[in-house]
Amino acid sequence: MPSCVFCAIVEGSSPARTVYRDDAVIGILDIRPVTRGHTLVLPRDHSSGLADLAPEVGGRLFAAGQRIAAAMKSGDIAADGVNLVLNDGRAAFQSVFHTHLHVVPRHDGDKLSFAKGLVVRRDPDPDHTAEILRAALAQDSR
């Protein structure tokens, strides 16, 4: 889909900090993260929502989300927990209409900083954050 920013990222014509990729999905850092490491997992083929997402691709989306979540817990992000969120439709706060799974690292006692992150939404060093996640994913695959 030509006007879809996520399709442009998948095809390589728009920049992104990629932390994960396989033949079905890619994982990129959110440009407006709620917490450091907030990652979006995108199917390579355009799907605007759950209704047109092939079930096998949905399975791959969540499998990648699980791997990324494990990396967030085992690596330098040191997450104590992870939220997996998929917003489907405008009423569910979907803002980019290419299906994507949010993988959001959480830390014990982070309620106030999480709430602040919903407003501020920035990572002071996203390149380093991407390196941390890629390293943890590489370690996990051994």
(request) Just give me the residues in the stretch 7-41 being more than 22 Å from residue 125 (Cα to Cα) and either in contact with a helix residue (DSSP H, G or I) (Cβ under 6 Å, 6 or more places away or on another chain) or part of a helix (DSSP H, G or I) (or both), in sequence order. (result) 7, 8, 10, 11, 24, 25
(message) If residue 138 meets every condition in (1) without any contact (Cβ under 8 Å) to a residue 60 or more places away in the chain; (2) in contact with a strand residue (DSSP E or B) (Cβ under 9 Å, 6 or more places away or on another chain) apart from one, which number is that one?
(response) (2)
(request) Scan (1) surrounded by fewer than 19 Cβ atoms within 10 Å (Cβ to Cβ); (2) within 15 Å of the chain's Cα centre (by Cα) for the single condition residue 20 breaks and write down its number. (result) (1)
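In the stretch 60-82, how many residues are part of a loop (DSSP other than H, G, I, E, B) and either farther than 13 Å from residue 132 by Cα or of a type in the set (Val, Ile, Thr) (or both)? Give the derivation first.
Step one: list which residues in the stretch 60-82 are part of a loop (DSSP other than H, G, I, E, B), which gives 75-80.
Filter again for either farther than 13 Å from residue 132 by Cα or of a type in the set (Val, Ile, Thr) (or both), leaving 77, 80.
Counting residues in the stretch 60-82 that are part of a loop (DSSP other than H, G, I, E, B) and either farther than 13 Å from residue 132 by Cα or of a type in the set (Val, Ile, Thr) (or both) gives 2.
Restricting attention to the stretch 1-34, report how many residues are farther than 17 Å from residue 131 by Cβ and in contact (Cβ under 8 Å) with a residue 12 or more places away in the chain. Before you say what the answer is, go through the steps one by one.
Narrowing the stretch 1-34 to residues farther than 17 Å from residue 131 by Cβ: 1-14, 22-25, 32, 34.
Keeping just the survivors that are in contact (Cβ under 8 Å) with a residue 12 or more places away in the chain gives 1, 4-7, 9-10, 22-25, 32, 34.
The number of residues fulfilling the criteria is 13.
Quick note: the coordinates plus some simple rules give every number you see, no bench work behind them. Note that the coordinates shown come from a computational prediction; the quantities given were computed from them, not determined experimentally. Neighbour counts are summed over all protein chains in view; Cβ atoms, including those assigned to glycine, are modelled from backbone coordinates with ideal geometry.
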